[in-house]
Every structure is written in C-alpha cells, then in structure tokens.
Amino acid sequence: KGLNYFLTEVAIGPKGHLKAVAEIIKPDIAIVTMVGIEHYSWYRSREAVAAAKGYLVESINSGGVAILNADDDQVMSMASRTNQRIVTFGRTKEADYRVIATNIVHPEGLKVDIEWNTGSASLQTRFIGEQFWLSTVAAFVAAKELEIPLDVIKEQMESFSGVRGRCELF
C-alpha cells in the first residue's frame with residue numbers, strides 16, 4: 001500500500017511518566033502484552049502498574065485499535081478505558097487470535113501456531129526462548145490488523161534476527 005509505520009516500545013517509568021508519553025505519541029495501535037511486578041518499586045501492585053499502562057490504551061487515536069493479551073486479567077481490564085476497537089490474543093480460547101502451540105527446535109528457533117476466525121498460520125522465528133511467543137504473536141496481530149499480507153508477515157518474522165544485544169544467541 002506504500003504506507004509507512006513507526007513502531008516504538010514505550011517504557012513505563014515513575015508515576016505520571018507513561019501518561020505524559022501517551023499524550024505525546026497518540027498511537028493508532030497500542031499493544032499491551034503483560035502486567036507484571038517489575039515496576040514494583042514505583043507502583044507497589046499489578047493493579048497500579050495496569051492503571052499506568054492503561055493510559056496508552058486511553059490515548060489511542062480515533063479509528064485505532066488496542067491489541068490486548070487475553071491471558072492477563074490486568075491487561076484485559078484496560079479494554080474499558082477506550083472506545084476504540086479491541087483485538088485480543090493469547091492462549092485462551094476466547095482470544096481473537098489464539099495460540100494453539102509453541103515449539104522450540106534448535107537451531108531453527110521458536111515456532112508458533114495461531115488461529116483466528118478467518119484463518120491460521122505457523123510462524124517460524126529465530127528466537128530461542130519460548131517466552132518470545134508473546135511478543136511474536138502481538139507483532140503478528142498488529143501486522144494482520146494493518147492488513148499486511150500473510151506471506152509478507154511470515155517472511156519478515158522468519159528473517160528477523162533480533163536487536164543487537166537482545167533476542168539473539170551468543
């Protein structure tokens with residue numbers, strides 16, 4: 001289509017940080033993969049982390065979409081914070097994009113099988129850890145929602161070798 005995309009990972013910082021960032025970037029698509037306790041020193045609970053991450057969902061532009069991990073109750077609680085479309089992914093059968101299987105084969109890497117209402121796909125990645133299914137599927141869903149052809153998505157996922165220093169084998 002000749003469209004250009006800008007993708008960024010938005011870090012959560014001290015209280016108020018993510019709200020300010022979300023108001024600046026005003027995303028068309030917001031992806032929330034998980035709410036953990038890695039930010040405990042600032043927030044003291046998963047609920048407080050979810051409240052802060054929810055600002056990203058609140059700031060979605062009109063006509064945009066929130067892509068949410070259906071397996072995480074705190075992520076799903078963010079759905080009520082926007083009037084924009086919600087698309088879910090995860091292992092649960094209620095997800096719009098359902099992970100059917102994950103498998104690690106050395107040296108090929110992580111393979112993820114996904115199905116959705118109108119199709120299915122097997123994604124081969126170079127990632128060597130099963131935990132990467134979450135970000136792989138989130139990226140896949142975003143690409144599908146942007147109507148990028150399946151063969152292009154698969155080709156890009158198969159060839160992506162990770163960011164230097166992250167997601168790569170040493």
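Over the Cα atoms of region 31-106, what radius of gyration and what Dmax do you get, in Å?
13.7, 43
Would you kindly give the portion of the calculated P(r) for the chain that falls above 19 Å, as a percent of all Cα pairs?
Considering the chain, 59 percent of its Cα-Cα pairs are separated by more than 19 Å.
If you scale each eigenvalue of the Cα gyration tensor by 5 and take the root, what three semi-axes come out for region 1-52, rounded to whole angstrom and sorted largest first?
They are 26, 12, 8 Å, listed from largest to smallest.
Tell me the chymotrypsin sites (Phe, Trp or Tyr not before Pro) within region 106-165 that lie in a loop according to DSSP and have at most 16 other beta-carbon atoms within 10 Å.
Phe160
So if I average 1/r over every pair of distinct C-alpha atoms in region 86-170 and take the inverse, what Kirkwood radius in Å does that give?
13.1 Å
Count the lysine pairs in the chain that are 8 or more places apart or on different chains: how many have C-alpha atoms under 14 angstrom apart? The partial results should precede the final answer.
Values: Lys1/Lys144; Lys15/Lys53; Lys19/Lys53; Lys26/Lys53; Lys111/Lys154; Lys144/Lys154.
Pairs that pass both the separation and distance tests number 6.
Would you mind calculating the relative contact order of region 106-170 from Cα pairs under 8 angstrom and at least 6 residues apart, reporting the percent as a whole number? Walk me through the numbers on the way to the answer.
Working: 65 pairs, mean separation 20.9, N = 65.
Relative contact order, region 106-170: 32 percent.
With point charges of +1 on the Cβ of Lys and Arg and -1 on the Cβ of Asp and Glu, referenced to the Cα centre of the chain, which listed residue (Pro149, Ile60, Gly90) lies farthest in the positive direction of the dipole?
Ile60
What order do you get for 6-14, 70-78 when each peptide is scored by the mean count of other beta carbon atoms within 10 Å, highest first?
On the way: 6-14: 10.9, 70-78: 19.7.
So the order, starting with the most tightly packed, is 70-78, 6-14.
Could you check how much of the accessible area of region 1-48 is carbon and sulfur, as a whole percent, using a 1.4 Å probe?
57 percent
Based on Cβ point charges of +1 for Lys and Arg and -1 for Asp and Glu, what charge dipole magnitude is obtained for region 1-120 about its Cα centre, in debye rounded to the nearest 20?
Dipole about the Cα centre, nearest 20: 260 debye.
Using a 1.4 angstrom probe on heavy atoms only, work out the carbon and sulfur share of the accessible area of region 89-170 in %.
Working: 2470 of 4850 Å².
Looking at region 89-170 in its full context, I get 51 percent from C and S.
Relative contact order for the chain: what is it in percent, counting Cα pairs under 8 Å that are at least 6 residues apart?
14 percent
Give the Cα extents of region 85-124 along the principal axes, in whole Å, largest first.
Rounded to whole Å, the extents work out to 38, 17, 16 Å.
Keeping every protein chain present and rolling a 1.4 Å probe, give me the accessible area per residue for region 39-170 in Å². List each step's numbers first, then the result.
On the way: 7140 Å² over 132 residues.
Ligands and nucleic acids excluded, the figure is 54 Å² per residue.
Using each residue's phi in region 114-119, evaluate 6.51 cos²θ - 1.76 cosθ + 1.60 at θ = phi - 60° and report the 3J(HN,Hα) Karplus result to the nearest Hz, with x for Gly and Pro.
Here the 3J(HN,Hα) series is 10, 9, 9, 4, 10, x Hz.
The values are calculated or read from the model by the stated rules, or taken from the named source; none is laboratory data. Keep in mind that this is a model prediction, so the values were computed, not measured. In this analysis, Cβ positions are derived from the backbone assuming ideal geometry, glycine residues included, and neighbour counts consider all displayed protein chains. The protein model used for the area step is the full one, side chains on, heavy atoms only, and it has no ligands, DNA or RNA in it. Shrake-Rupley method; radii C 1.70, N 1.55, O 1.52, S 1.80 Å.
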